[in-house]
1. Out of curiosity, is Glu61 closer than 18 Å to Glu150 by Cβ and of a type in the set (D, E, K, R)?
2. Going by the structure shown, is Arg59 among the basic types (Lys, Arg), touching a residue at least 60 places away in the same chain (Cβ under 8 Å) and open to solvent by 30 Å² or more (accessible area, probe 1.4 Å)?
3. Say whether the condition of being outside any strand (DSSP E or B), modelled with pLDDT of 95 or more and under 27 Å from Ala29 (Cβ atoms) is met by at least one residue in segment 48-58.
4. Consider segment 88-139. How many of its residues are of a type in the set (S, T, N, Q), more than 19 Å from Cys36 (Cβ to Cβ) and out of contact with any Lys or Arg (no Cβ under 9 Å at 6 or more places or on another chain)?
5. Mind listing just one residue for me: the one in segment 67-120 that is more than 17 Å from Tyr52 (Cβ to Cβ) and among the charged types (D, E, K, R) and, of those, modelled with the highest pLDDT?
Amino acid sequence: MKKTLYLILLPILFFSACKKNDPNTSDTACEGGNFCFSLDNTSMAVTAEWRYISADHIRIEWQGSDGTNYKNIALDIYGTQSGYYAIQPQSSSMSGSKFQHFINDNGSSQNIQGNSGTVEITEFGNGKVSGRFSIQAKDAINGVEHSITEGKFVDVPQY
C-alpha cells in the first residue's frame, strides 16, 4: 500500500514542482509593442523593425510623427551573433552598439544618446532579432543624464 501511494504521489509532486515557462512573462514580452524600456522610470513600448546597414551592422528602429511632433528610436548593433555588445558614444568608431532616442515635441527637442551600457542579442535568425539592454545616456542638447533600464526587444521583424 505504501509503495502504491508513493508511486501515485511522486509524479504529482514532481509535476507540481515544475515551473511552466509562460511566453508572456516580463522576461520575454513587451506589453504594447516589441521594443520596450524604462526611461528614467517611465515605461515606453513601441513596435520596431530592423534592417541591415551593412553585413555585420543592424539597426533596430521606430519612428513616429504627429503633426509637428517627431520621435525616433534607433539601436545600432555592430554584429549579428548572439552575445554582448558594449554601448559606445555616438561619436566613437563603428563597434559594439549605439542608442539614440530623438524627440521633437512642439519645438522642444531632446537627443538622448547612449554613453555606456550593454546590449545582448539572445536570438538572431529567421528574419527576427531578440535581446535586452541597459544604457546610461545623455541628452546631446541639454546635457541631462538619463537611465534606460529593463530594455528588451522581442521577435523584432526585418523590413
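The values are calculated or read from the model by the stated rules, or taken from the named source; none is laboratory data. Here the structure is a predicted model, which means the values were calculated and not measured. With ideal geometry, Cβ positions are generated from the backbone for all residues, glycine too; neighbour counts draw on all protein chains shown. These area figures cover heavy atoms from the full protein model, side chains too; ligands, DNA and RNA do not enter into them. Shrake-Rupley method; radii C 1.70, N 1.55, O 1.52, S 1.80 Å.
1. Values: closer than 18 Å to Glu150 by Cβ: no; of a type in the set (D, E, K, R): yes.
Criteria not met by Glu61.
2. No: the conditions fail for Arg59.
3. Filtering segment 48-58 down to residues outside any strand (DSSP E or B) leaves 48, 55-56.
Retained after the next criterion (residues that are modelled with pLDDT of 95 or more): 48.
Okay, now just the ones that are also under 27 Å from Ala29 (Cβ atoms), so 48.
Within segment 48-58, one or more residues are outside any strand (DSSP E or B), modelled with pLDDT of 95 or more and under 27 Å from Ala29 (Cβ atoms).
4. 9
5. Filtering first and then ranking leaves Glu120.
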